[in-house]
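So the structure is just underneath, and the comments pick up after that.
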Amino acid sequence: MDEAIRKVGYVGLGIMGEPMAMNLLKAGNAMTVWNRTPGKAETLVGAGATLADSPAAVAAEVEVLFVNVTDTPDVEAVLFGEQGVARGAEPGLIVIDNSTINAGATQDFAQRLAGQGVTLLDAPVSGGDIGAQRGTLSIMVGGPEDAVAKVRPLLDVIGKSITHVGPVGMGQVCKSCNQVACAGALMGACEALALAKRNGLDLDKMIEVVGAGAAGSWQLSNLGPKIAADDHAPGFMIDYMLKDLAIVADLARANQLPLSGAALAEAYLRAVAAQGGGRLGTQAMGQALERLGAFTFSD
């Protein structure tokens with residue numbers, strides 16, 4: 001790893017952020033962390049990280065600061081709030097935002113930070129909690145090429161596929177594309193499983209055979225068995241996917257682009273959320289098919 005970067009910060013220690021920060025810590029970096037709920041930092045502190053009392057305090061201690069929070073307003077608060085990153089940042093700091101947020105807002109945040117000599121890279125990730133734990137995430141990075149090159153050794157710790165997709169904001173556009181493809185593949189997996197179930201086909205065998213052919217997908221191979229087993233533990237929650245699909249809808253509307261598949265996937269997920277399932281994993285989309293088709297996958 002580049003010896004020039006050893007002081008690293010991480011803000012936002014949720015399902016994704018905590019294991020990503022842990023991998024950075026295990027790689028030998030001096031880690032300073034902050035989370036809105038301090039108790040969620042206990043594992044990292046126990047492993048040697050320092051817990052700061054604000055994002056500003058993290059920024060004051062590090063050369064590169066990662067952010068991973070839920071939505072656009074959360075990122076803005078972390079960066080520009082009363083105790084936000086901008087309050088403690090020195091010129092030369094690089095902020096890497098792993099959150100999934102609005103691309104236009106990202107570009108605005110980058111301009112505001114640039115006035116202080118701080119560089120913002122938008123670097124949303126794909127691969128779920130398993131990818132975060134294993135350090136095998138796909139990372140789509142927007143921002144200046146020289147800054148991306150400087151932090152590449154850090155990104156290599158948390159991801160297996162790191163792609164510089166263009167100027168700041170393009171990482172978020174790429175993540176929206178990712179979520180459209182994920183939602184469509186998940187919808188296809190759920191409908192294929194529903195068809196198999198209603199016709200008496202063994203679900204595990206269907207997943208094995210179809211997953212090995214042209215219709216194979218990460219969603220079918222990894223979430224299909226969970227759908228079949230009625231396992232809805234969240235790797236990525238429905239509420240978060242609905243937030244991401246709302247960002248997609250905004251982009252589509254701005255470009256007068258009809259994305260009917262994404263809209264249908266959102267409708268399935270929203271139906272589950274309306275029944276109290278918003279904090280279930282996205283594979284719980286299958287519950288919408290169960291209700292519509294009057295069956296259950298696990299019988």
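The values are calculated or read from the model by the stated rules, or taken from the named source; none is laboratory data. Predicted model only: the values in this text are computed from it and were never measured. Please note: Cβ atoms are built from the backbone with ideal geometry, for glycine as well, and neighbour counts cover all protein chains shown.
Please tell me if Asp230 is under 25 Å from Arg279 (Cα atoms), in contact (Cβ under 8 Å) with a residue 60 or more places away in the chain and not hydroxyl-bearing (Ser, Thr, Tyr). Explain how you work it out, then say what you get.
Numbers: under 25 Å from Arg279 (Cα atoms): yes; in contact (Cβ under 8 Å) with a residue 60 or more places away in the chain: yes; not hydroxyl-bearing (Ser, Thr, Tyr): yes.
Considered against the rule, which asks whether it is under 25 Å from Arg279 (Cα atoms), in contact (Cβ under 8 Å) with a residue 60 or more places away in the chain and not hydroxyl-bearing (Ser, Thr, Tyr), Asp230 comes out as yes.
Table: residues versus (1) at negative phi; (2) in contact (Cβ under 8 Å) with a residue 40 or more places away in the chain; (3) in contact with a helix residue (DSSP H, G or I) (Cβ under 6 Å, 6 or more places away or on another chain).
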| residue | (1), (2), (3) |
| --- | --- |
| Arg6 | yes, yes, no |
| Tyr10 | yes, yes, yes |
| Ile15 | yes, yes, yes |
| Trp34 | yes, no, yes |
| Thr37 | yes, no, no |
| Glu42 | yes, no, no |
| Val45 | yes, no, no |
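Looking at the range 239-248, is at least one residue exposed (fewer than 14 other Cβ atoms within 10 Å of the Cβ), touching a helix residue (DSSP H, G or I) at 6+ places or on another chain (Cβ under 7 Å) and modelled with pLDDT of 95 or more? For the range 239-248, residues exposed (fewer than 14 other Cβ atoms within 10 Å of the Cβ), touching a helix residue (DSSP H, G or I) at 6+ places or on another chain (Cβ under 7 Å) and modelled with pLDDT of 95 or more: absent. Among the conditions (1) modelled with pLDDT under 95; (2) under 17 Å from Leu13 (Cβ atoms), Gly127 misses just one, which is (2). Each residue in the range 224-248 was checked for being within 12 Å of the chain's Cα centre (by Cα) and aliphatic (A, V, I, L, M), and 2 of them qualify. Exactly one residue out of Asp53, Asp108 is under 18 Å from Pro144 (Cβ atoms) and either at pLDDT 95 or above or in the same structural domain as Lys150 (by TED's automatic domain parsing) (or both): that is Asp108.
If I filter the range 121-144 down to residues being surrounded by fewer than 20 Cβ atoms within 10 Å (Cβ to Cβ) and either outside the structural domain of Ile162 (by TED's automatic domain parsing) or without any contact (Cβ under 8 Å) to a residue 60 or more places away in the chain (or both), which single residue comes out as farthest from Met241 (Cα to Cα)? Outline the logic, then answer.
We begin by selecting, within the range 121-144, every residue surrounded by fewer than 20 Cβ atoms within 10 Å (Cβ to Cβ); these are 129-130, 133-136, 138, 144.
Going one step further and asking which of them are either outside the structural domain of Ile162 (by TED's automatic domain parsing) or without any contact (Cβ under 8 Å) to a residue 60 or more places away in the chain (or both), we end up with 134, 136, 138, 144.
Details: Arg134: 22, Thr136: 20, Ser138: 17, Pro144: 28 Å.
By that ranking, first place goes to Pro144.
In this structure, Ala110 qualifies as more than 23 Å from Gly281 (Cα to Cα) and either surrounded by 18 or more Cβ atoms within 10 Å (Cβ to Cβ) or among the polar types (S, T, N, Q) (or both). Among the numbered conditions (1) under 30 Å from Thr119 (Cβ atoms); (2) crowded, with 22+ Cβ neighbours inside 10 Å; (3) of a type in the set (S, T, N, Q), the only one that Gln219 does not meet is (1).
Taking the criterion of being farther than 25 Å from Thr100 by Cα and free of Cβ contacts under 8 Å to residues at least 40 places away in the same chain, would at least one residue in the range 177-193 satisfy it?
In the first step, residues of the range 177-193 are kept if they are farther than 25 Å from Thr100 by Cα; the result is 191-193.
After this cut, where a residue has to be free of Cβ contacts under 8 Å to residues at least 40 places away in the same chain as well, the list is 192.
Yes, the range 177-193 has at least one match.
It is to be established whether one or more residues within the range 44-64 are surrounded by 19 or more Cβ atoms within 10 Å (Cβ to Cβ) and of a type in the set (D, E, K, R). The answer is yes; a qualifying residue exists.
With respect to (1) farther than 12 Å from Ala183 by Cβ; (2) under 21 Å from the mean Cα position of the chain (by Cα); (3) touching a residue at least 60 places away in the same chain (Cβ under 8 Å), the lone exception for Glu266 is condition (1).
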